[in-house]
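So the structure is just underneath, and the comments pick up after that.
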Amino acid sequence: MHAGPINTFRIGDESKNSAEARRRYAEIFYDVEKLIENQIYLQKHGDPEYGRLKQLIPSIGTFFTKLPLERAFYVQDDKRSISKRRLVSPSFNDVRLILNTAQAMSLSDKRSPVQLVTFDGDVTLYDDGMSLDAGNPVIPQLLSLLKRGIQVGIVTAAGYADKSGDRYAQRLQGLIDAIMTDKDLTDEQRSSLHIMGGEANFLFKLDGFTGKLEWIDPAQWKLPEMETWLEEDINKLLDIAQSVLTAMKNKMALPATVIRKERGVGLVPIAGESMCREELEEVVLNAQKILEQTEVAKNIQFCAFNGGSDVWVDIGDKRLGVLSLQSHLGGIPGERTLHVGDQFASIGANDYKARLAACTVWIASPRETVGIIQELIQYLDESSIFHR
Ligand code: IMP
Ligand code: MG
């Protein structure tokens, strides 16, 4: 409304209109910022239900930090010409990126800066199904985080039970080599990379002296809520998942095979074939629904998700993966943890659960991951936060 007409006849009208639109948009973001602050205040006092935001959006979750949305809007407006656009109104992507910027800003707050940044693998660090190879522009960003004393985690669904860690090392070789050859990193910083694979099943740490991934016994990091899981129940749940995926594959004649792993079952396309999004979602929703109703699902947590070209049912989820890592690293709280991922649509998306454990940013490509980490580092440096 405030962007003005297409044809401006008087000199100065155009810039006046966009200045007005910019002011009005900023005001709206400021208002939402205040609604979130009010929600946080009520959360702290145990009354989140009374929050205005909660009443407007009953499905709203818990906020870990305040979000400086007005400031973030100005940053993204300069990058994306939001208030200068007339025919294309603020979009889902505009809002997503404003939220990401605001989250990065709040995590660089001097009083409680970020201590742990976790990354999803596929689509976040590298393209779907690819590896983190030398030359990937995200590598210098990860090194920058380590140099500032920030712990880096990769919390991926990709599950390889092999304790040698070779499979993860293969997929992350570019990063491991860069860490091992960087002269500016201290030994401690070099050992600040953890990999949590299979959502919350296999934890490895980079040994900063040998460059090898070191398997960490689950007894050292498993959360109490996971300790009650019986091996028998885990297998029972995977058996049911396997039969659901097989039945769905046969019913829809999908060009795929079912793969059973130690802690997951997948429906994966056969070479040269693919399944459409609708088929993948049909499989996920069916698996979710059927598994939810089983007796064994009362004891074991699982995650059914659409990986973009495949479907997986894993034991555990990224909430547990991030929480385990936080506790293993000495109790890093959610408000000082950031999870970067691409899967946040609520149905069949595996990064979504991480929102229960940490602050999150939702990226759409590895390029955006580079952008948001650059921003985070810029804000951290601006508030002169240099960790040990
Ligand atoms: P993420 O994006 O890093 O969480 O990785 C998800 C992708 O990892 C899936 O789409 C699969 O293609 C792949 N993957 C490999 N092994 C597993 C597994 O055991 N569970 C789930 N996904 C797996
Ligand atoms: Mg992903």
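The values are calculated or read from the model by the stated rules, or taken from the named source; none is laboratory data. Everything quoted here is computed from the prediction, not taken from an experiment. FYI the Cβ positions are ideal-geometry reconstructions off the backbone, even for glycines, and counts take in every protein chain you see. Keep in mind that these areas ignore ligands, DNA and RNA; they rest on the heavy atoms of the full protein, side chains included. Shrake-Rupley method; radii C 1.70, N 1.55, O 1.52, S 1.80 Å.
If you roll a 1.4 angstrom probe over the protein chains with everything in place, what fraction of the accessible area of region 234-388 belongs to carbon and sulfur, to the nearest %?
On the way: 3360 of 6750 Å².
Taking all protein chains in place, region 234-388 shows 50 percent carbon and sulfur surface.
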What list of ³J(HN,Hα) values in whole Hz, one per residue of region 29-41 in order, does the Karplus curve 6.51 cos²θ - 1.76 cosθ + 1.60 (θ = phi - 60°) give from phi, with Gly and Pro shown as x? 5, 4, 4, 5, 4, 5, 4, 5, 4, 5, 5, 5, 4
For the residue pair Gln378 and Ala219, what label-to-label distance in nm results when each label sits 7 Å from Cα along the Cα-to-beta-carbon direction? 4.9 nm
Short version: ³J(HN,Hα) in whole Hz for each residue of region 256-268, in order, from phi by Karplus 6.51 cos²θ - 1.76 cosθ + 1.60 (θ = phi - 60°), x for Gly and Pro, what are they? 8, 10, 9, 10, 9, 10, 4, 10, x, 10, x, 10, 10
If each part is reduced to its alpha-carbon centroid, region 190-254 and region 259-292 end up apart, in Å, by 17 Å
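Please list 283-291, 303-311 highest first by mean number of surrounding beta-carbon atoms within 10 Å per residue.
Per-residue Cβ counts within 10 Å, averaged per peptide and sorted highest first, yield 303-311, 283-291.
Suppose every K and R has +1 on its Cβ and every D and E has -1 on its Cβ; what is the size of the dipole of region 255-344 about the Cα centre, in Debye to the nearest 20?
400 debye
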Mind checking which lysines have their C-alpha under 21 Å from Lys66, skipping anything on the same chain fewer than 8 residues away? Lys34, Lys44, Lys54, Lys110, Lys353
Phi angles of region 218-224, converted by Karplus (6.51 cos²θ - 1.76 cosθ + 1.60, θ = phi - 60°) into ³J(HN,Hα) in whole Hz with x for Gly and Pro, give x, 4, 8, 9, 4, 7, x
Under the rule rounded for a/c under 1.5, else prolate if a/b exceeds b/c, else oblate, using alpha carbon gyration tensor axes a ≥ b ≥ c, region 239-381 is classed as oblate
Ordering of 223-230, 354-361, 294-301, 172-179 by packing [mean C-beta count within 10 Å, highest first]: 354-361, 172-179, 294-301, 223-230
Long-range HN-HN contacts of His339 with modeled amide H, under 5 Å: Thr118, Cys359, Thr360, Val361
For region 1-136, rounded, prolate or oblate, judged on the Cα gyration tensor with a ≥ b ≥ c (square roots of eigenvalues), a/c < 1.5 rounded, else prolate if a/b > b/c? oblate
Of the heavy-atom accessible surface of region 85-202 (probe 1.4 angstrom), what whole percent is carbon and sulfur? 52 percent
Beyond 26 Å (Cα-Cα) in this structure, taken from Lys222/Lys298; Lys163/Lys289; Lys222/Lys261, we find Lys163/Lys289
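Based only on Cα atoms, what Rg/Rh ratio does the chain have, Rh being taken as Kirkwood's radius? Intermediate values should be presented prior to the final figure.
Working: Rg = 22.4 Å, Rh = 22.5 Å.
Rg/Rh: 1.00.
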Listed highest first by mean packing, meaning other Cβ atoms within 10 Å per residue, what order do 136-149, 317-330, 13-26 come in? 317-330, 136-149, 13-26
